[in-house]
């Protein structure tokens, strides 16, 4: 599990440019599935044939990133966000471009002289990337306009926890790959969607789910942690690291199907797998678009609690990862009866 | 070219009928099939050499504008905005109310002498109204009523080396598609030209058009923000007038496929048509809906830069029109090899 996770999180593949991760996932699961294809949005869709109803598992392949849009006369690269960034967190982060150029994010320092240490005016208008170019021409020889970038932040094993960029949502990609590789028996007709462009608006999953028309949908994604987890953490967020996979009750994109959640709890209890519940007052997942596909799908989301979301240092707990794998495996083996 | 006529026509979101009637008349001789759906989309088919794929070109007919909300007893017309308009740009604008009768009006506000903090206070919709020269609501009975659409009273004219009008967003796309149809070229694949409704209020027409056509590949032709005003710093620009059609990398809610991005660039370079790359990802258009509609489809967005977009007066560059038309025509005739991969 650790090896797959390390491989996946270290691949650079922001929204809309998921091909590198798509190829890695395809290579890891091809021998274990009956059918595998990609569609026009770049979604990777794998099918493991089974009886009766269709159960769809979804994880998104994309990570948040950047795109180069303009190189100024001094060779600084100006970027725009792909997915949800808080610009305040970006100064001095290192990033790596699609074709290997690296750099650090700087910002127009004069905004500090106006506001002291206040960084409220840090925005994509005042940020730039310094790739160490001495001139515009040198920069243009290293970077093409339209080239994407992601955090330059390798996987770190902290013992009981893992830390990296792109845990959101490669941790779920790794879990699904492991599930596909190790699943011995299963009941339902299983579809695995490795979706594109979740971070910009649940794009790939919507189209993939339309084509599949599943009966049941389970999105796997990460979720935030709160006051029980980190010093003075978010007050309205009860989730924490180490307490097991989080079964989604609701977020801004959906209210999960209650019956499906109850069935999942029964499965977890029978297998003595710990779990927690998730109510997230912000954010959404592909579950939101799977649920409203065509005439509707029984849908929920199982989340891996993650600290420091959308940063270069997203952190997960090893036990949570193992317990989530046990839970999705137990789900895939059984017949869902609601 | 019928850009002038198109821009002068009134057609806020949901009230595109005059624009639709005009376009239908213009393209009637060049269409193999014409459909209008219940959302008011005008869909024009051009049969191709090959009917195995469906290609769609789409521009929206609607413009941002205003709508009558309430007529006060003193004859003052209160209004709401339709589409994204900053209230602070509205005072003193001349408008036309398209009621049973067509009435001219001006957007009024408290005179500067009576405002304590005229510069500091943001202008809010509550303080704005339309003065049509009436002294009571009785004067207006039978001529205008709640729900009547209101457009900016701006006539098309040539303005230095630029063109000036309201509604370049997106009559410029409509005009380019009309010019494409009038070339009467048989495309490689069956192609639908969709003149869509209600983009400005949430990409609505394009959603139902996409469902009906299920395109394998679509091109959205738009008017987009040109943030190249003299006072804006270079790295804050989105697009620039006169630099050619703007190709989008990504925008609100969608990242364009690298295949399409590279395809547009290579066609431009092959035909030596200048182009620029849109430098901001803010804002969005119908391409988002088309890209993730149904099972998903390849989509690209080509835009004509428009300065002072979503205001009573916008400016654009004649060469950008010609170059966008040339690029769209080149794409139209190109073999879409990425569709068969």
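A few remarks follow.
- Cα-based convex hull volume of the range B:1-144 per residue, rounded to whole Å³: 158
- What the Kirkwood sum gives for chain B is a hydrodynamic radius of 20.8 Å, with every pair of different alpha carbons counted.
- P(r) of the range A:166-220 over all Cα-Cα pairs, binned every 10 Å from zero, in whole percent: 20, 52, 27, 2
- Working note: 222 nm ellipticity from helices only, DSSP H runs with n ≥ 4, each -39,500 (n - 2.57), summed and divided by the residues of chain B, gives -7000 deg cm²/dmol to the nearest 500.
- If you run the Gaussian network model on chain B, springs between alpha carbon atoms under 10 Å, then out of B:280, B:258, B:78 the most flexible one is B:258.
- Taking all C-alpha pairs of the range A:133-287, those more than 23 Å from each other amount to 51 percent.
- Share of alpha-carbon pairs per 5 Å distance bin for the range A:62-206, given as whole %: 2, 8, 15, 17, 15, 14, 11, 7, 5, 3, 2, 1, 0
- Cα-based convex hull, the range A:65-151, per residue volume (Å³, whole number): 83
- Which of A:147, A:335 has the fewest Cβ neighbours within 10 Å, and the rest in rising order: A:335, A:147
- √(5λ) per eigenvalue of the Cα gyration tensor, the protein assembly as shown, largest first, Å: 45, 29, 28
- With Cα atoms defining each centre, the range A:56-135 and the range B:238-260 are spaced 19 Å apart in the structure.
- Arranged from fewest to most other beta-carbon atoms within 10 Å of their beta carbon, A:69, A:104 become A:104, A:69.
- The ellipsoid that matches the Cα gyration tensor of the range B:66-152 has semi-axes, each √(5λ) in whole angstrom, of 23, 15, 10, with the longest given first.
- Long-range Cα-Cα pairs in the range B:61-108 (distance over 15 Å), rounded percent: 47
- Rounded, prolate or oblate (a/c below 1.5 giving rounded, otherwise prolate when a/b exceeds b/c) for the range A:292-338 by Cα gyration tensor: oblate
- Sequence-separation-based contact order of chain A, relative, with Cα cut under 8 Å and 6+ spacing, percent: 22
- Histogram of C-alpha separations across chain A, 20 Å bin width, %: 31, 55, 13, 0
- Alpha carbon Rg of the range B:114-225, scaled by the compact-globule rule 2.2 N^0.38 Å: 1.58
- Ranking of B:143, A:164 by count of other Cβ atoms within 10 Å, fewest first: B:143, A:164
- Shape of the range A:222-338, Cα gyration tensor, a/c cut at 1.5: oblate
- Per-residue shielding of A:142-148, expressed as the average number of other chain Cβ atoms within 10 Å of the residue Cβ, stands at 3.
- Tensor-based shape of the range B:1-43 (alpha-carbon gyration tensor, a/c under 1.5 rounded, otherwise prolate or oblate): oblate
- Gaussian network model of chain A, springs between alpha carbon atoms under 10 Å - residue of A:73, A:157, A:62 with greatest fluctuation: A:73
Just so you know, all these numbers are worked out from the coordinates, no wet-lab data involved. No experiment lies behind these values; they were computed from the predicted model shown. Methodologically, a virtual Cβ is constructed for each residue, glycine included, from the backbone with ideal geometry; neighbour enumeration extends over all protein chains shown.
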